[in-house]
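Structure, as structure tokens:
The values are calculated or read from the model by the stated rules, or taken from the named source; none is laboratory data. Quick caveat, the model's predicted, so the values are computed rather than measured. Cβ atoms come from the backbone with ideal geometry, glycine included; neighbour counts cover every protein chain shown. These area figures cover heavy atoms from the full protein model, side chains too; ligands, DNA and RNA do not enter into them. Shrake-Rupley method; radii C 1.70, N 1.55, O 1.52, S 1.80 Å.
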There are 2 protein chains.
Amino acid sequence: MSSKAAVPFSRDALEQVLKRRFFFAPAFEIYGGVSGLYDYGPPGCGFQANIVDTWRKHFILEEDMLEVDTTMLTPYEVLKTSGHVDKFTDWMCKDLKTGEIFRADHLVEEVLEARLKGDKAARGQQVEEKDDKKRKKKVKEIKNVKLEDAVVAEYESVLNQIDGFSGPELGDLITKYDITNPATGGKLEPPVEFNLMFDTAIGPSGQLKGYLRPETAQGQFLNFAKLLEFNNEKMPFASAAIGKSFRNEISPRAGLLRVREFLMAEIEHFVDPEDKSHPRFAEVKDLKLKFLPKDVQEAGSNTLVEKSIGEAVSTGMVDNETLGYFIARIYQFLIKIGVDPNRCRFRQHLSNEMAHYASDCWDAELETSYGWVECVGCADRSAYDLSVHSARTNEKLVVRKPLDQPRTVNNFEVDIDKKKFGPKFRKDAGAVTKFLTDRTQCELEDLAKELADTGKISADVPNVGQVEVPAELVKIERVERTEHVREFTPNVIEPSFGLGRIIYSIFEHSFWARPEDKDRSVLSLPPLVAPTKVLVVPLSSHADLTPLVGKITSALRKAQVPFKVDDSSASIGKRYARNDELGTPFGITIDFDTVKDGSVTLRERDSTKQVRGSLDDIVKAVKAITYDGVSWTEGTSLLTPFETVTEEK
Amino acid sequence: MSSKAAVPFSRDALEQVLKRRFFFAPAFEIYGGVSGLYDYGPPGCGFQANIVDTWRKHFILEEDMLEVDTTMLTPYEVLKTSGHVDKFTDWMCKDLKTGEIFRADHLVEEVLEARLKGDKAARGQQVEEKDDKKRKKKVKEIKNVKLEDAVVAEYESVLNQIDGFSGPELGDLITKYDITNPATGGKLEPPVEFNLMFDTAIGPSGQLKGYLRPETAQGQFLNFAKLLEFNNEKMPFASAAIGKSFRNEISPRAGLLRVREFLMAEIEHFVDPEDKSHPRFAEVKDLKLKFLPKDVQEAGSNTLVEKSIGEAVSTGMVDNETLGYFIARIYQFLIKIGVDPNRCRFRQHLSNEMAHYASDCWDAELETSYGWVECVGCADRSAYDLSVHSARTNEKLVVRKPLDQPRTVNNFEVDIDKKKFGPKFRKDAGAVTKFLTDRTQCELEDLAKELADTGKISADVPNVGQVEVPAELVKIERVERTEHVREFTPNVIEPSFGLGRIIYSIFEHSFWARPEDKDRSVLSLPPLVAPTKVLVVPLSSHADLTPLVGKITSALRKAQVPFKVDDSSASIGKRYARNDELGTPFGITIDFDTVKDGSVTLRERDSTKQVRGSLDDIVKAVKAITYDGVSWTEGTSLLTPFETVTEEK
């Protein structure tokens, strides 16, 4: 049996196969291409469609989620409120002479890494040849120069924290380490902020500014009230969306891993902040996963912690059951579609990389030749999104939940004497009223004290200015009330999938070459998601075989098994080799015995093992292995092993 | 049995149902909405997903098309070449005082129609009350004024040709008929052209201008060479794409029929221009369709011509077999997903509305309360797209087809004396050479004559200017050669589907109210595409029934039949009424007999008929009716009819 690891992985070889078989290609290639934009060809498109279909079944159908399809065009106000207008940015540096633009953090990273490699080489230590070539190509200015030990340590420390620097800090590093345009040595301008959203104008007036959405999440939040109603006011529930999002990367490289237009699948699970348990957590609690928690990272280590998700939640490493449940479900999904379990970890966000409102966040990272790549985020976004949209629009985005037992609350309440308020504040009466009624319990406590102490409230009211409210116009006192309903803003647990990154990682995890011939490569995609399930191969173009092709294809079509026919004049071996590269898991061969007794041969891609049987039994085996998760051995146990020495030539 | 036409169709009632059940809603509604942008809620999203799935099976799988997924972001150069930068425009007029902007043709149409209605009213003729209300609301300036007979005739003639006017012609009409802002009577600026593409800048420099694609077609054309290679150079073949496209409408109304972001499904079928026969045409040739050919329209009539597609092609009314084949397949698809066959016609484009390069074009139009709506275009685009992209990029986008018989051709050829050409033209030698070798056969014939007559060629060479090429530097003569391969640019037949328009039309075609209670409306979506297939309804919340719900849902999940459970306390009749509005075709009721013998009741949405049987038999019937196209009568023939007088209360 062939070992998949016998021939070392080669990214170049994989890229050639993906290009040759048109899994994907640079978009607009005949026009010279546009970096960060890719088209999927037929096998890539089929693979993607199968992954989307599996996602839908695994998450939406299994959990009865509410799928929505919301627009990509998004008006300015929505993304201003969500924080994207102000914070969805990267820092860029410009070389004024050549006009080239660099992403500041990537530039610092690239140059310091190149210097460290130059240092290694100068010390006579081994540098991987490929790494060295790449470095010399990208960063021309760097020669093999030995650095002082303290400098090496400093560079390494900077690189470990590279995701955490602000723009001005990156500017300081660029100055301090004299970082220039790596190709020309030219001087760079200090970093400036660049918003990563594509903007456009909606409508003919040019007055309504809009963006292409950077995520599908906002469209789901804005429909929260309608979704809750659709769900008969039942909580918790989740919405889900699958669709394209956009990110105007400063200088995208790294193929499918960093693109400007990409397919996302996002879930927004709305949950009671006081109860983040999950009814189905018991089903997954024993699943063992590899974690990289924040305390390990903060100690400068990247040693993985392996434990069950149940233990991770019970020890508080993962914040709550619902978050833990989704982490486990994400893992199950990734394995199902072809991710290598040994190259999948969950990394916790550090406090400084997490959004201020998030209470916990874990990324599913997949290991590739580019390093560990963030492919799925799973964050507890708290009540942030619903709260800001609600505050901006004055729409109530809350859940009203009947209490099992009525409860008594004792809160500060504001009682305004409207008759006196109008004449006193005139046109500002509304604003002053709103200011007072919008206060939190803590603020009301302070105001009540001020009122008691000074007989008035002094306040700086937005859009009005400094006002004084005398005690005879307002009372602020504790009032006891009985509540039958609890009103709350749900928290949101958000699993968010970048499908292109997952797809590329699976390509790497599935790719290997046959030890007997390293030019014969195989893409071992799981049958469930492989673009084509069966290749139908007539042994020759003999007239006796032709009618059998029609018989087999109609049986496959009826069984809804996607197939292709290759009746070209190439040898059987060559036709199979082509389809090994396409990831086609099964081959059905028609030969002259088929004419006699109707039997056909079934070949398995990875092992090249063959079995023989009637067409019905073979189709049954293919369906069971592809869709019911049955193994090859089990699925073909009733068929006859078949051997041929010439098959793979 | 209830008649679906007994209660007259009401668009208001339909809109209320679609809104109440969250089929779709204005996007960003809590921010006040943005016209022309809509979100699909769970049932709309499910309905759309099922239509896309059916489309994929009906076209892509059945015909072995090559599906691609190309980017929406498209650089300027591509759309400049395709003609969209210059020609994808509408004419708009601005009211300088209010800033309001009107689409010029719609404005003329609206105002003249309003005047004609005012005239009708003044003559004491009947004007539909709703029409009249709408007119008075939209066009405030119009009173009921009698017009001269000649004016009425003129207005009617203008309205019949409204799609054919140029911008300046619309400007003339606005002046001639004194058309003003309908709301204020304010004066309007003359019409100016407005490009309907959303533009943006790709990358951080702001230098690379891009657009959101107005159609998915261009991405397919640009990948032609890769697709042909993927198809092992076999012709004919088709590519297909499903994805969002964008159109910055000037002032979109009419709900889902005129939106700024929409889902398209497009096929580009590449065919030999010398052979547009289709191998499967015989399968559809007897299908009878309703046509509105151009000669009928040009004679001022809209009487439909009913004939088979075979006859339409053989008489030359439809240009060729491939175009005819797709027209038939489009019809079959539309009927399968719920279009009323009596409200579907194929209208041929008039010569002046068809793109100059198209050789024939037919729209599938569906009748709605807004009139006949173009929902699918089916055009023969000739070799236009591949030719212009090839000319612009210098990439060969051709097919090379081995000839059955070698053939002799006798063409003019250019023979340049390169040794003398260089010294004579120096830096321009390349441009002059290209100019000569790029000439057509006709042009070469003229040049050969000029050379023979004058001993030189005088030519205006692009980027060079006027040059003279003496006879000793170039020969242009007829040469006889034997060709073994024919090289040609394929023609393209393009079926192009606007899914949102189809979806809205099906809503209208499927909507009716029960005669016994006009507030009980039903959406008779075909089971195949209905968002949910089965509603599971326990008769009461009695503890004996609860475990049975789990049993039934797991049977349905195993059979992959999408279902919902409604265990709310509402009456059975109310729960069914809710799901009649959601288009759910079947209901399974659990009652106390289920506890005894495991039998359940199956209810059909349109007839409210019920049958009873074992769970297995009921699920089998649901699957057969939903996915295998079996009728209710046939599918339930072995089950026991079941009657209850209280069910629908």
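Simple spin-label model, 7 Å along Cα-to-Cβ: B:LYS419 to B:ARG478 in nm?
Each label point lies 7 Å from its Cα, and together they span 3.0 nm.
Which of the lysines could be linked to A:LYS80 by a straight reach, that is with a Cα gap under 18 Å, when you skip same-chain ones fewer than 8 residues away?
Qualifying lysines at Cα under 18 Å: A:LYS209.
Which of the pairs A:LYS558/B:LYS623; A:LYS234/B:LYS551; B:LYS336/B:LYS533; A:LYS558/A:LYS620; A:LYS276/A:LYS401 have their Cα atoms more than 18 Å apart in this structure?
Too far apart for the 18 Å limit: A:LYS234/B:LYS551.
Which lysines does A:LYS518 reach when only Cα atoms under 16 Å apart count, and residues fewer than 8 places away in its own chain are ignored?
Of all the lysines, those that pass the test against A:LYS518 - Cα under 16 Å, at least 8 places apart if same chain - are A:LYS4, A:LYS574, A:LYS649.
Can you pull out the trypsin sites (Lys or Arg not before Pro) in the range B:180-247 whose DSSP state is coil and whose Cβ has at most 14 other Cβ atoms within 10 Å?
Within the range B:180-247, the qualifying trypsin sites (Lys or Arg not before Pro) (loop, at most 14 other Cβ atoms within 10 Å) are B:LYS187, B:LYS234.
Roughly how many Å is it from the Cα centre of the range A:1-75 to that of the range B:13-27, as a whole number?
34 Å
Counting only DSSP beta bridges with both residues in the range B:532-641, tell me the antiparallel percent, nearest 5.
Antiparallel bridges: around 60 percent, rounded to the nearest 5.
Compute, for the range A:409-485, the length of the dipole vector about the Cα centre, with Cβ point charges of +1 (Lys, Arg) and -1 (Asp, Glu) only. Units Debye, rounded to 20.
460 debye
Residue-wise, which Karplus ³J(HN,Hα) couplings in Hz belong to the range B:588-603, taking 6.51 cos²θ - 1.76 cosθ + 1.60, θ = phi - 60°, and x for glycine or proline?
10, 9, 10, 10, 6, 5, 4, 4, 6, 10, x, 7, 9, 9, 10, 10
Please list, or write none, the lysines whose alpha carbon is within less than 16 Å of the alpha carbon of B:LYS427, excluding same-chain residues fewer than 8 places away.
Answer for B:LYS427, where 16 Å is the Cα cut-off: B:LYS418, B:LYS419, listed by chain and number.
Mind checking how much accessible area B and A bury in total, 1.4 Å probe, in Å² rounded to 100?
Separately minus together, B and A give about 6200 Å² buried.
Separation of the range A:583-649 and the range A:135-214 by C-alpha centroid, Å?
A separation of 54 Å, based on Cα centres.
Could you compute how much accessible surface B:THR640 exposes when probed at 1.4 Å, giving the result in Å² to the nearest 10?
Counting only protein heavy atoms, B:THR640 exposes about 80 Å² to solvent.
Assuming R0 = 25 Å, can you tell me the calculated FRET efficiency for the pair A:ASP178 and A:SER351, based on Cβ-Cβ distance, to the nearest 0.05?
After rounding to 0.05, the efficiency reads 0.20.
Taking a label point 7 Å out from Cα toward Cβ, give me the nm distances from B:ASN394 to the same spot in the other copies, shortest first, one decimal.
Copy-to-copy label distances at B:ASN394, shortest first: 6.3 nm.
Every other copy gets compared here: list the nm distances from the B:ASP628 label point (7 Å along Cα to Cβ) to its counterparts, shortest first, one decimal.
Reported distances to equivalent positions: 1.9 nm.
On average, how much accessible surface per residue is there in the range B:532-641, in Å², for a 1.4 Å probe, leaving out ligands, DNA and RNA?
Heavy-atom accessible area per residue stands at 45 Å².
Please report, for B:SER277, the nm distances (one decimal) from its label point, 7 Å out from Cα along the beta-carbon direction, to the equivalent points in the remaining copies, shortest first.
The answer, with the shortest distance listed first, is 7.3 nm.
Ranked from the most accessible area to the least, with a 1.4 Å probe and all protein chains present, what is the order of A:TYR576, B:TYR370?
From most accessible down to least: B:TYR370, A:TYR576.
Over the whole of B:213-223, what's the average partner chain Cβ count within 10 Å per residue? Rounded to a whole number, please.
Going residue by residue through B:213-223 and averaging, the value is 2.
Go through A:PRO75, A:GLN218, A:PHE563 and say which Cα lies farthest out towards the positive end of the charge dipole of chain A; charges sit on Cβ, +1 for Lys and Arg, -1 for Asp and Glu.
Farthest towards the positive end: A:PHE563.
How many partner chain Cβ atoms sit within 10 Å of a residue's Cβ in peptide A:195-206, on average, as a whole number?
Mean inter-chain Cβ contacts per residue within 10 Å come to 6.
Sort A:THR184, A:THR608 by heavy-atom solvent-accessible area, probe 1.4 angstrom, most to least.
A:THR184, A:THR608
How many percent of the accessible area of chain A is carbon or sulfur, using a 1.4 Å probe?
The value for chain A is 49 percent carbon and sulfur by accessible area.
In nm, to one decimal, how far is the B:SER369 label point from the B:GLU109 one, both placed 7 Å along Cα→Cβ?
Here the answer is 1.8 nm between the modelled labels.
On the rotation axis linking copies B and A, which residue of B comes nearest by its Cβ, and by how many whole Å?
B:THR200, 2
So what's the back-of-envelope 222 nm ellipticity for chain A, counting only DSSP H runs of four-plus at -39500 (n - 2.57) apiece and dividing by all residues, rounded to 500?
Result for chain A: -10000 deg cm²/dmol, rounded to the nearest 500.
Let a ≥ b ≥ c be the square roots of the eigenvalues of the Cα gyration tensor of the protein assembly as shown; is it rounded (a/c under 1.5), or, if not, prolate (a/b larger than b/c) or oblate?
The shape class here is rounded.
Describe numerically, in nm with one decimal, the distance between label points set 7 Å from Cα along Cα→Cβ at A:LYS609 and at A:GLN297.
4.2 nm
Amide H of A:LEU208: which non-local residues (sequence gap of 5 or more, or other chain) have their own amide H closer than 5 Å, using H built in the peptide plane?
Those lying under 5 Å, H to H, from A:LEU208 are A:ILE202.
For the range B:257-366, what does the alpha-carbon gyration tensor say about shape, rounded, prolate or oblate, given a ≥ b ≥ c as the root eigenvalues, a/c under 1.5 as rounded, and a/b over b/c as prolate?
In terms of gyration-tensor shape, rounded.
Is the range A:240-320 rounded, prolate or oblate when judged by the Cα gyration tensor, a ≥ b ≥ c being the square roots of its eigenvalues, rounded requiring a/c under 1.5 and prolate requiring a/b larger than b/c?
oblate
Please work out how much accessible surface A:HIS349 shows to a 1.4 Å probe, ignoring ligands, DNA and RNA, in Å² rounded to 10.
For A:HIS349, solvent-accessible area is about 30 Å².
So, in Å, what gap is there between the alpha-carbon centers of the range B:262-295 and the range B:349-414?
A separation of 13 Å, based on Cα centres.
Could you tell me the relative contact order of the range A:532-641? Use alpha-carbon pairs under 8 Å, at least six residues apart, and round to a whole percent.
Over the range A:532-641, the number comes to 26 percent.
Could you give the dipole magnitude of the range A:547-649 about its Cα centre, charging the beta-carbon of Lys and Arg +1 and that of Asp and Glu -1, in debye to the nearest 20?
320 debye
For the modelled label position 7 Å from the Cα of B:LYS396 along Cα-to-Cβ, which residues of the range B:73-102 have backbone nitrogen atoms closer than 12 Å?
none
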